[in-house]
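Note sheet for the following structure.
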Amino acid sequence: MDVTEALEQKRRELRELEEHRGLLEMERRALAARIADIDAQLKEAEEDERVLRRVAAQYNLPAPNDGLLPREVQEWQQLPRTAAVERVLEEADRPLSPLAISQVLHKNGRDDSGHNVSAALAHLKLTKRAQQAGRSQWVHPRREDPQEDGPAPDADERPLTGMELIERQLGGRAIEEIPDLRSNGNAT
């Protein structure tokens, strides 16, 4: 074999290798496009799963617990019930009923019943970490905005006695100043 034939053979070999490389490059681009498509599908599926887990948590539906819950849901689930109820009150912008507190807890992935929330509120009230702001309405004592029925009582203020309540209702007048109708003979 002479040099010309060897050169021709090498050129054919080079063309075949370049052709093969071109085909592999096209396959690589096609694979990269498929990988990008699969990445987009994975991202969409992960978002769908997050939404479904939140819906399941909101409506207290069973869901597989494989550690893939959102971090904020895991934080709420790790809190003791009393601490979770207190946190709801701290974050609330208005007084809440036990049912409303229970609904907030469900939205955050907890399964506390209204009865459990009421028990936690009773404990929080005893430890002065919650106070009633009206019938079945609760607030955190550090809440700064005024309640609808007047300012929050001072946490250090002692409860009023019956006589003090009567005097307050009478506008500060003492009981002795009120005439006794029985002494006038008008009593029945």
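The values are calculated or read from the model by the stated rules, or taken from the named source; none is laboratory data. As the structure is a prediction and not an experimental result, all values here were calculated from the model. Neighbour counts run over all protein chains shown; Cβ positions are idealised from the backbone, glycine included.
I'd like to verify a number: residues in the stretch 44-102 that are at pLDDT 90 or above and of a type in the set (K, R), how many? Here the count works out to 3. For the stretch 122-152, the candidate set comprises residues that are at pLDDT below 65 and surrounded by 13 or more Cβ atoms within 10 Å (Cβ to Cβ); within that set, the residue that is nearest to the chain's Cα centre (by Cα) is Q147.
If the condition is being in a helix (DSSP H, G or I) and surrounded by 13 or more Cβ atoms within 10 Å (Cβ to Cβ), then the stretch 110-121 contributes G114, N116, V117, S118, A119, A120, L121. Of the candidates E86, E5, the single residue that is part of a helix (DSSP H, G or I) and exposed (fewer than 10 other Cβ atoms within 10 Å of the Cβ) is E5. The residues on offer are R87, R129, and the sole one that is closer than 22 Å to R142 by Cβ, in the same structural domain as R142 (by TED's automatic domain parsing) and touching an Asp or Glu at 6+ places or on another chain (Cβ under 6 Å) is R129.
Restricting the stretch 92-101 to residues that are part of a helix (DSSP H, G or I) and either free of Cβ contacts under 8 Å to residues at least 12 places away in the same chain or aliphatic (A, V, I, L, M) (or both) leaves a set whose member that is surrounded by the fewest Cβ atoms within 10 Å (Cβ to Cβ) is L99.
The sole residue among L52, L42, L17 that is farther than 30 Å from V73 by Cβ and assigned to a helix (DSSP H, G or I) is L17.
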